[in-house]
Amino acid sequence: MTDQRDVAAAQPQKDIAFHEFVMLCACLMAMNALSIDPMLPALPDIGRDLSVPHPNDRQLIISAYFMGLGVGSLLFGVLSDRYGRKRVLGSAMALFILASIACAGAHSFAMMLVGRVSAGFFAGASRVITVGIVRDRFRGDAMARVMSLIFAVFMLIPVMAPTFGQAILWIAPWRWIFWALAILATAVLLWMSMRLPETLLPENRLRMSAGTIFRTVGTILRTRTSIGYMLASGVVMSGLIGFILSIQQIFFDIFGAQRIFPFAFAAIAGSMGIGSLLNSRLVSRFGARRLSQTALLCLVAINVTHLAVILTGHETIVSFMILQAATMMTIAFTASNFSAISMEPFARGAGVASSFQAFLTTAVSSALGSLIGRAFDGTTLPLTLGLAVFGSISFLIVAWAERGNLFTRPHHGALRDPEFEPLH
């Protein structure tokens, strides 16, 4: 039985408006973008100061973070199902701040990688618990809409992050990027602590046991749409990881465009924000499945076109930016929708399900995305080929998950408009 302290902890302390809820969730999820994108313009400086032997090895500063993120994602959602979302998230964020400070003081490449793995591990909480918080309140297309709004706000961070990192490099050493990250994370932690009520209802708390975890994971594995969309999300997101790992070298080494890199990255990443905003407006009308499946086909078509441009010798920085921005927009239509579809069955155990989802998608996308990054050969071909191939594989997995019944919208009954869903 749930003890009195658990019941008391689950009771609301205060209410929070819908728009503040979206903003706060976006900032919580943005901790991951802030831990990655501002580093991109600093990679050459970090590599030089820490004596990184090969240019491609600098990518490990990003890859190590994703490794920790995948492992952390497996743990914190489980803990939040037992002890509550707010308590676990606050503790993990405090440890994330300490790991970021350790990165700021790293004096060897090995020490930096340890700090990055640790930061990624604790940042896993902000990712999975935020999804669990949203799932505590919404489901189906309503959840997809809320997640799209969160992603639309969240995408402002990667749009500005490289410029933020470059601005710090203009006035201070690269270590101050990590100090700035720690300061911003502290501000978000204080906001969350003061304003976010506990969203996990007492009756939905789970005793933390191997049996409970295995039963939830077993449900995921037996639910074709859940495991299918999780795998498809991991495969398609590998293209995004490959983009993040390769983009600094593409602009610096191929196009010689160091000066415009932060602004070009912002333009490309901004297309994801536009895509997320459009998805939030369209998902209630067309459904998460129809939109995301159509977006996958568009992603493949765009990158097949891009391959033709590259192979015929017509690739320029303009063609790259236009086609890459279009690709990022299609990925935005898959991210929140795939997450909502795979989480539909889990009112109880949403934390465990979110943890497994985050772990699986991060493990798959990190492994496949690293293949794209390590294949960098001084051209844009490996990235574009990877996006086309993995986009195609993702579509085949979705077709399997839906038993070939694509571009339809299941009927779950009426859902309340999330604008008026009470946040207790």
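From the list V318, V309, which one is closer than 21 Å to S271 by Cβ, touching an Asp or Glu at 6+ places or on another chain (Cβ under 8 Å), part of a helix (DSSP H, G or I) and modelled with pLDDT of 80 or more? Give the steps one after another, and end with the answer.
Working: V318 fails: touching an Asp or Glu at 6+ places or on another chain (Cβ under 8 Å).
Being closer than 21 Å to S271 by Cβ, touching an Asp or Glu at 6+ places or on another chain (Cβ under 8 Å), part of a helix (DSSP H, G or I) and modelled with pLDDT of 80 or more holds for just one of V318, V309, which is V309.
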### Message
Name the single residue that is least open to solvent (accessible area, probe 1.4 Å) among those in region 189-199 being in a helix (DSSP H, G or I) and under 26 Å from F346 (Cβ atoms).
### Response
M192
### Message
If I filter region 200-220 for residues that are surrounded by 20 or more Cβ atoms within 10 Å (Cβ to Cβ), within 25 Å of the chain's Cα centre (by Cα) and in a loop (DSSP other than H, G, I, E, B), do I get at least one hit?
### Response
yes
### Task
Could you run through region 71-84 and say how many residues are under 29 Å from S246 (Cβ atoms) and surrounded by fewer than 23 Cβ atoms within 10 Å (Cβ to Cβ)?
2
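Could you tell me which residue of region 372-404 is nearest to G313 (Cα to Cα), considering only residues that are among the β-branched types (V, I, T) and open to solvent by less than 30 Å² (accessible area, probe 1.4 Å)?
Step one: of region 372-404, the residues among the β-branched types (V, I, T) are 372, 379-380, 384, 389, 393, 397-398.
Add one more test, that the residue is open to solvent by less than 30 Å² (accessible area, probe 1.4 Å), and what stays is 372, 380, 384, 398.
Details: I372: 21, T380: 11, T384: 14, V398: 34 Å.
That would be T380.
Results for (1) over 23 Å from M192 (Cβ atoms); (2) in a helix (DSSP H, G or I); (3) within 19 Å of the chain's Cα centre (by Cα); (4) modelled with pLDDT of 80 or more, shown as yes or no for each residue.
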{"site": "F96", "(1), (2), (3), (4)": "no, yes, yes, yes"}
{"site": "S100", "(1), (2), (3), (4)": "no, yes, yes, yes"}
{"site": "M111", "(1), (2), (3), (4)": "yes, yes, no, yes"}
{"site": "V117", "(1), (2), (3), (4)": "yes, yes, yes, yes"}
{"site": "F122", "(1), (2), (3), (4)": "no, yes, yes, yes"}
{"site": "G132", "(1), (2), (3), (4)": "no, yes, yes, yes"}
{"site": "R145", "(1), (2), (3), (4)": "no, yes, yes, no"}
{"site": "F151", "(1), (2), (3), (4)": "no, yes, yes, no"}
{"site": "F178", "(1), (2), (3), (4)": "no, yes, no, yes"}
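To keep it simple, each residue is scored yes or no on (1) modelled with pLDDT under 95; (2) within 25 Å of L296 (Cβ to Cβ); (3) of a type outside the set (S, T, Y).
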{"residue": "A182", "(1), (2), (3)": "no, no, yes"}
{"residue": "G211", "(1), (2), (3)": "yes, no, yes"}
{"residue": "T216", "(1), (2), (3)": "yes, no, no"}
{"residue": "R259", "(1), (2), (3)": "yes, no, yes"}
{"residue": "F265", "(1), (2), (3)": "yes, yes, yes"}
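Looking at A8, A30, can you tell me which residue is open to solvent by 20 Å² or more (accessible area, probe 1.4 Å) and either modelled with pLDDT of 80 or more or of a type in the set (A, V, I, L, M) (or both)?
On the way: A30 fails: open to solvent by 20 Å² or more (accessible area, probe 1.4 Å).
Among A8, A30, only A8 is open to solvent by 20 Å² or more (accessible area, probe 1.4 Å) and either modelled with pLDDT of 80 or more or of a type in the set (A, V, I, L, M) (or both).
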### Message
Looking only at region 272-325, how many residues end up being within 25 Å of A401 (Cβ to Cβ), touching a Leu at 6+ places or on another chain (Cβ under 7 Å) and not aliphatic (A, V, I, L, M)?
### Response
4
### Query
Conditions: (1) open to solvent by less than 20 Å² (accessible area, probe 1.4 Å); (2) within 24 Å of G404 (Cα to Cα). Q248 meets all but one. Number of the miss?
(2)
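Give the residues of region 273-289 that are open to solvent by 20 Å² or more (accessible area, probe 1.4 Å) and modelled with pLDDT under 90, sorted by residue number. Explain how you work it out, then say what you get.
Kept after step one, since they are open to solvent by 20 Å² or more (accessible area, probe 1.4 Å), are these residues of region 273-289: 274, 277-278, 281-282, 284-286, 289.
Those that are open to solvent by 20 Å² or more (accessible area, probe 1.4 Å) and modelled with pLDDT under 90: I274, L277, L278, R281, L282, S284, R285, F286.
The values are calculated or read from the model by the stated rules, or taken from the named source; none is laboratory data. Computed from a predicted model, the values in this text were never measured in an experiment. FYI the Cβ positions are ideal-geometry reconstructions off the backbone, even for glycines, and counts take in every protein chain you see. For accessibility, only protein heavy atoms count, side chains too; no ligands or nucleic acids. Shrake-Rupley method; radii C 1.70, N 1.55, O 1.52, S 1.80 Å.
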